[in-house]
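Take a look at the structure below.
The values are calculated or read from the model by the stated rules, or taken from the named source; none is laboratory data. Quick caveat, the model's predicted, so the values are computed rather than measured. FYI the Cβ positions are ideal-geometry reconstructions off the backbone, even for glycines, and counts take in every protein chain you see.
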Amino acid sequence: VSAATTRGAVALAILLLLAGCGSPARKRVPFDYGAYIARDPRSVLVAPVVPVVQERRASRFFLATITEPLAERGYYVFPVRMSLELEKLAGFTGRAPEDYSGERFEERAAELAALFGTDSVLFVRIVEWDYRIKGLGEAIENPVDPVGTHTVAMEYHLTDDRGKTLWRAKQQIALQKGGGNIFTEIWNFFASPLHPEVGLAREANRTVIEGQRHKKGRRTYYPVDPMLVGSYHPRYERDRARRRGTSSP
Amino acid sequence: MRWAAVVPLAALALASVGCASDTRTYYWSSYQYDLYRSYYEPSKAKKFEATLLRIIKKSDASGRKIPPGVLAEYGYFFYQRGEFDSAIHYFEREALEWPESEVLMERVIEQAREGLES
């Protein structure tokens with residue numbers, strides 16, 4: 001089999017996968033909340049964000065928009081700016097992504113939990129954060145081109161204080177650029193040298209935590225299994241009673 | 001370039017304000033926007049500090065619970081400047097308001113006390 005054929009097959013597979021993700025008829029396996037319900041965490045520490053994307057500041061920008069939705073969901077959220085400073089002092093930042101995978105990952109969760117005294121740790125991987133145009137499976141660096149999309153994609157992984165998985169979710173939000181609307185063009189003209197992704201990250205965080213699912217304007221949200229409400233949420237007692245009965249959120 | 005910076009930031013600020021009329025539990029002021037701004041331009045950290053104080057004052061005045069982490073975050077600004085008395089004051093308030101923070105607050109209060117003695 002030639003290399004070109006293999007590449008073609010891979011590209012086709014990716015296209016098929018992408019098509020599958022966009023289809024609302026796709027059957028989803030609902031997330032198993034068993035461990036989450038059993039642990040019922042009261043506090044969340046947002047771990048140092050694992051740097052997967054090129055934009056090095058993305059993780060910092062992301063941190064600015066995660067506290068509010070987590071707190072509004074009913075959790076105690078450790079102060080992110082202070083936590084990052086303490087993590088720096090304790091040598092948690094500047095580690096390689098491999099240091100947050102497999103067995104080491106459980107170790108990290110336990111170390112962080114011991115340092116902060118938290119019930120749970122939220123690990124986030126930013127897998128996409130860019131303003132590049134995409135064509136034929138290739139991302140081309142071209143921030144001034146008005147055609148294309150802004151995209152952010154994040155993977156969320158909540159563990160208990162020993163690294164056991166409580167909740168996992170992905171969120172991806174794409175904002176179509178261009179399209180002839182004069183306001184859009186003005187926005188893009190001013191926004192492109194900066195970071196419209198921060199606004200998208202804010203929406204990604206909010207919608208993945210609350211589990212909002214809809215299509216709004218030119219933004220597409222993907223269905224997700226939300227976080228359960230925490231102990232400071234007005235709906236907590238009611239939800240917890242219901243969960244005990246059916247063991248689903 | 002000056003204006004290029006202002007427009008998206010203003011939009012983010014407006015977006016934050018837009019949420020103020022909804023059913024949120026806490027008063028956040030411009031928390032997200034100012035934290036983002038402090039990462040974007042480190043010289044704006046003072047603005048974030050002022051916003052934290054505004055959240056504390058306004059929450060107190062209206063009898064609402066102060067959002068998690070805000071008292072600790074504010075106290076840490078004092079800690080970093082070596083103003084350990086004020087730092088301890090806010091760390092203690094955080095621990096009182098949010099028992100979940102006790103382990104961490106006890107640790108930083110101890111560090112601040114060591115700072116006082118040296």
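Looking only at residues of segment A:189-216 that are surrounded by fewer than 24 Cβ atoms within 10 Å (Cβ to Cβ) and within 8 Å of another protein chain (Cβ to nearest Cβ), we find that the one that is modelled with the highest pLDDT is A:Gly199. Do we find that B:Ser101 is part of a helix (DSSP H, G or I), out of contact with any strand residue (DSSP E or B) (no Cβ under 6 Å at 6 or more places or on another chain) and buried (at least 22 other Cβ atoms within 10 Å of the Cβ) in this structure? So B:Ser101 fits the description; yes. Quick one: how many residues across segment B:29-78 are in a loop (DSSP other than H, G, I, E, B), on the phi < 0 side of the Ramachandran plot and surrounded by fewer than 23 Cβ atoms within 10 Å (Cβ to Cβ)? Total meeting the criteria: 5.
Looking only at segment A:78-106, which residues are at pLDDT 90 or above and among the aliphatic types (A, V, I, L, M)? Of everything in segment A:78-106, those that are at pLDDT 90 or above and among the aliphatic types (A, V, I, L, M) turn out to be A:Val80, A:Met82, A:Leu84, A:Leu86. Which pairs turn up if I take residues in segment B:65-85 that are within 11 Å of chain A (Cβ to nearest Cβ) and look for partners that are assigned to a loop (DSSP other than H, G, I, E, B) and acidic (Asp, Glu) with beta carbon separation below 9 Å, at least 6 apart in sequence or on another chain? From residues that are within 11 Å of chain A (Cβ to nearest Cβ), the pairs are B:Phe77/B:Glu83.
Residues of segment B:30-65 that are within 10 Å of the chain's Cα centre (by Cα) and hydrophobic (A, V, I, L, M, F, W, C): B:Leu35, B:Phe48, B:Ala50, B:Leu52, B:Leu53, B:Ile55, B:Ile56.
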